[in-house]
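Beneath this line is the structure, given in C-alpha cells, with notes to follow.
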Amino acid sequence: MRIVLGVSGGIAAYKAAHVLRGLRERGHEVRVVPTRAALRFVGAPTWEALSGQPVAADVFERVDEVEHVRVGHEADLVVLAPATADLLARARAGLADDMLTATLLTATCPVVAAPAMHTQMWEHPATVENVAVLRERGWTVIEPDSGRLTGSDSGPGRLPEPEAIIGHALAAAGEGPGPGAEARTAGKDASGPLAGLTVAVSAGGTRERLDPVRFLGNRSSGKQGAALAAAAAEAGAEVVLVSANVDSAVLAGLPAGVRVDEVESTEELFAAMAGLASDADVMIMAAAVADYRPAAAAEHKLKKSGQGLSIELVENPDVLAALVAARAEGRSRSGQTLVGFAAETGSPEKPAAVYAQEKLLRKGCDLLVFNDVSEARAFGTEDNEITVYRPAAGRAQAVATASGSKREVSEEVMAAIVAERNR
Ligand code: CTP
C-alpha cells in the first residue's frame, strides 16, 4: 500500500519513526508528511532517510508537480501520529495551510488518527467536538493511552504504542497485522539470562540544532549501543534502542525483535528515556550526549559575517542523573539497574580510569562501563576495550574487563548486569 504518515508537532513525534519502520517492515511504501511544527521535533533528513522518500511540509514545495494534490490522491491510507489538538482542529475545519492538511482534503482513502496531547487539551469541549465530527466523517480516531505525559502531569493523552497504531491503521485499510509481526518477536531466547526483562539502551550521538542545515554533534557511531541492544535481545530481553542519529546500516544489523525509537537532540533522547523508565528493568546510557546546546536555533541559515561567530550555549539536562533521581523518587520500575558509560582520555598525572571511577561515584548509577579514548580509540572502530565498575563502600570496584569486538564486549557487559542484579 501507499501510506501517508502525517506527523504533527508534539513531543511524541519521535515515536512516529517507529510507526514508519513497522509499516515499511511490512512492505508498505510510506511517505512522511510532517507539519512545520513537527520538523522542530524530528527533522526532514531523518524522515527522508527512514522513508527513502522526499519530505515536504509546505504546499509551495514542488508546486509544478501539484504535490499537495497528488500525495493525497495516491494514498491508500493516511495515518496521523501524533495528531495534535491543533491538527485535529485544522482538519475538522477543512483548512489547507500546509502540505498535511492539503493532503487530508484530497485523500479519499481511510484516515486513522492517533492523538497525543495533554489531558486538558484532549478533554476540552473543542477537541471532543472535533474528534466527534471527524469520526462522523469516517475517520478512525484511536483513544490515547493514559499515563505520564511530558512534564509532571498524567492522564489520557499519551500516544498509543506504535504497534497498536499500526494495528488500527492496517485494520482500517482492511489488512491484517502482516508478516512482519511474527518476525519481530522471533529470535528471542526465552531461557536467556535476561528473559522477561525490558532493557532500554541509548545509542549514538545527539545533535543540537544550530540552524536549518547545521548542528553541533559528536563522533559516536552508535555501534557499541547497537551491539549492546543485540546482546540484550539475544539474552532474552525485550529491547528498546533509543537511537540518536545512528547510521541506518548499523540499525539494519539489529535482531528483528529490537524496537528502535529514533531521536535527534538531547532533549528528545531525554524524553524518550524518561518515558521508558517506568517499564525498563535495565537502562543503559551508551549514547554520547551533548552537554550543551545552542541557546537558540537560528530560523534561517547563518551567513558569514567576516567577523567570526560566537554561539551562546546552554547546558543540557543530564539524562543519566535524571534517571538515577527518578528511581530514587520511586518513579521508575522497581529494582531497575542503571548503567552509564564513560569514554575518557587521561594524562600521566591523571589516568583516564581515574576520571571514570570518579564519574561512577558522582553519577550514582549501578555500573559504569569505561573505555579509554585517548588517541581516538573506540569511536567508529569495530573493537573496544572496557572495564566495568560498580560502587562499593564509597569506591569504584572493577567487576569485569573485556576487549574484542563491540559485540563481544557487549556480552561481558550483559554478564556484569546479570551479576549485579543477582547480587
Ligand atoms: N550522560 C547523560 N546526559 C548528559 C551527559 C552524559 O546521560 N547530559 C551520560 C552518558 O550517556 C554516559 C554518562 O552520562 O552514560 C557519562 O557521560 P560523559 O559525557 O562521560 O559525562 P558527563 O557527565 O558529561 O561528564 P564530563 O563531560 O564532565 O566528563
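Since every read-out is calculated from the coordinates, none of them should be taken as a lab result. Quick caveat, the model's predicted, so the values are computed rather than measured. FYI the Cβ positions are ideal-geometry reconstructions off the backbone, even for glycines, and counts take in every protein chain you see.
Side notes on the structure shown:
- Reach of Lys350 by Cα under 16 Å, taken over lysines that are not fewer than 8 positions away in the same chain: Lys359
- Taking 0.36 nm per residue of sequence separation and removing the Cα-Cα distance, the Lys303/Glu48 pair yields an extension gain of 89.2 nm.
- Of all lysines in the structure, those lying under 21 Å Cα to Cα from Lys406, and not within fewer than 8 positions of it along the same chain, are Lys188, Lys223.
- Within straight-line reach of Lys303, meaning a Cα separation under 12 Å, sit the following aspartates and glutamates at least 8 residues removed in sequence or on another chain: Asp211.
- In nm, spacing of pseudo-spin labels at Glu74 and Val128 (7 Å Cα→C-beta vector): 4.2 nm
- Extents of the chain, largest first, come to 67, 62, 37 Å (Cα atoms, principal axes, whole angstrom).
- Full extension of the chain between Ala419 and Ala321 gives 33.0 nm of extra length, using 0.36 nm per residue less the Cα-Cα distance.
- Counting Cα-Cα pairs of the stretch 1-139 in 5 Å increments starting at 0 gives whole-percent bin shares of 2, 11, 21, 25, 22, 13, 5, 1, 0.
- Antiparallel %, DSSP beta bridges [both residues in the stretch 187-421], to 5: 45 percent
- Charge dipole of the stretch 266-423 about the Cα centre (unit charges at C-beta), most positive-ward option of Asn371, Leu323, Ile284: Leu323
- Ranked by the mean number of other Cβ atoms within 10 Å of their residues, highest first, the peptides 202-215, 341-354, 296-309 come out as 202-215, 341-354, 296-309.
- A full extension of the chain between Met121 and Asp86 corresponds to an added length of 11.6 nm, given 0.36 nm per residue minus the alpha carbon distance.
- Against the chain, whose longest principal axis comes from its Cα atoms, helix 162-172 is set at around 20 degrees.
- Charge dipole (debye, nearest 20) of the stretch 183-301; +1 at Cβ of Lys and Arg, -1 at Cβ of Asp and Glu: 300 debye
- Distribution of pairwise C-alpha distances over the stretch 187-421, 5 Å bins, in %: 1, 7, 14, 18, 20, 17, 11, 6, 4, 2, 1, 0, 0
- Each residue of the stretch 412-423 was assigned a 3J(HN,Hα) from its phi angle through the Karplus curve 6.51 cos²θ - 1.76 cosθ + 1.60 (θ = phi - 60°); the sequence is 5, 5, 4, 4, 5, 5, 4, 4, 5, 5, 8, 5 Hz, with glycine and proline shown as x.
- With a cut-off of 14 Å between beta carbons, the residues surrounding Ile417 carry a summed charge of -3, where Lys and Arg count +1 and Asp and Glu -1.
- Applying 1/(1 + (r/R0)^6) with R0 = 30 Å to the Cβ-Cβ distance of Leu361 and Ser278 gives a FRET efficiency near 0.70.
- Across the options Gly306, Ala96, Ala226, the greatest Cα extent toward the positive end of the charge dipole of the chain (unit charges at beta carbon of Lys, Arg, Asp, Glu) belongs to Gly306.
- Test item: Cα-centred dipole of the chain, Lys/Arg +1 and Asp/Glu -1 on Cβ, debye: 360 debye
- Antiparallel %, DSSP beta bridges [both residues in the chain], to 5: 35 percent
- Residues whose amide H falls under 5 Å from that of Val242, counting only those 5 or more places apart or on a different chain, are Val201, Ser202, Ala203, Asp261, with hydrogens built in the peptide plane.
- Averaged over residues, the count of other Cβ atoms within 10 Å places the peptides 219-226, 251-258 in the sequence 219-226, 251-258, highest first.
- Under 5 Å from the amide H of Ala113 lie the amide H atoms of Leu80, Thr140, Val141, Ile142, each residue being 5 or more positions distant or on a separate chain, with H modelled from the backbone and absent for Pro and chain starts.
- About the centre of its Cα atoms, the stretch 187-421 shows a dipole size close to 300 debye [charges on the beta carbon of Lys, Arg (+1) and Asp, Glu (-1) only; nearest 20 debye].
- When both the stretch 292-362 and the stretch 199-258 are represented by their alpha-carbon centers, they are found 17 Å apart.
- Helix-only arithmetic for the chain: the sum of -39500 (n - 2.57) across DSSP H runs with n ≥ 4, divided by the residue total, places the mean residue ellipticity at 222 nm at -10000 deg cm²/dmol.
- Among 276-287, 234-245, 329-340, the peptide with the highest mean count of other Cβ atoms within 10 Å heads the list, and the full ranking is 234-245, 276-287, 329-340.
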